[in-house]
Amino acid sequence: MAESRPYKLPLPRTGGLSAEFYRFCRQHELRFQRCTKCGTWRHIPRDMCAKCGSFEWEWALSSGRGKVFSWTTVMQPMMPHFAEQVPYSPVIVELDEGVRMVTWVTDVPPGELKIGLPVEVVFDDVTPEVSLPKFRRAT
Ligand SMILES: [Zn+2]
């Protein structure tokens, strides 16, 4: 039986296309929209391709592999929910498919983050309904 640990941080909004994104995450699949006309991947979910204007797309499976693109380190929490987390680093990961997402790197302390650090996705089942895509050093 899984250990019970109440999740105290805000959960993502799960309406519209984001609900579909998080439904795949719940299955531990990292999928992004890919335009079926020009092949461009995109994130965050939206209806139209910014490159060619097409409304035709699919949920394509990502490799789950990428690299640290950038990050910041939060020393003073902007929301009380994060008071126990400081210092922490919201990280922008660039996936091999070219999309970027804001996430966590779970096993690298803020002082050891480096641009270009190879990472791979891991899913954190924070509630019975929500799994968050996070990253760890790639092996
Ligand atoms: Zn397109």
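Rolled with a 1.4 Å probe across the full set of protein chains, the surface gives S70 an accessible area near 40 Å². Taking every alpha-carbon pair within region 11-103, the share separated by more than 17 Å comes to 58 percent. Couplings 3J(HN,Hα) for region 93-101, derived from phi with the Karplus relation 6.51 cos²θ - 1.76 cosθ + 1.60 (θ = phi - 60°), are 9, 9, 6, 4, 6, x, 7, 10, 9 Hz, where x marks Gly and Pro. Per-residue packing, averaged as other Cβ atoms within 10 Å, sorts the ranges 19-26, 39-46 into the order 19-26, 39-46, beginning with the highest. For the pair I44 and I115 in one chain, pulling the backbone fully straight at 0.36 nm per residue adds 23.4 nm over the alpha carbon distance. Using a Debye calculation, one point per C-alpha and no hydration shell, please list log10 I(q)/I(0) for region 65-139 at q = 0.21, 0.23, 0.24 Å⁻¹ in order. Debye output, listed in q order: -0.94, -1.07, -1.13. Between V93, V108, V68, the GNM of the chain built on Cα springs shorter than 10 angstrom shows V108 fluctuating the most. Absence of a disulfide-compatible partner, taken as no other cysteine beta carbon within less than 4.7 angstrom, is noted in the chain for C25.
Across region 105-120, coupling constants 3J(HN,Hα) worked out from phi with the 6.51/-1.76/1.60 Karplus curve, θ = phi - 60°, read 10, 6, 10, 10, x, x, x, 10, 5, 9, 4, x, 4, x, 9, 9 Hz, and Gly and Pro carry x. Just the protein heavy atoms count here, and of the accessible area of region 16-137 at 1.4 Å, carbon and sulfur take up 53 percent.
The values are calculated or read from the model by the stated rules, or taken from the named source; none is laboratory data. Please read all numbers here as calculations on a predicted model, not as lab measurements. Note: ideal-geometry Cβ built from the backbone for every residue, glycine included; neighbour counts use all protein chains shown. Areas reflect the complete protein model, heavy atoms only, side chains present, ligands, DNA and RNA absent. Shrake-Rupley method; radii C 1.70, N 1.55, O 1.52, S 1.80 Å.
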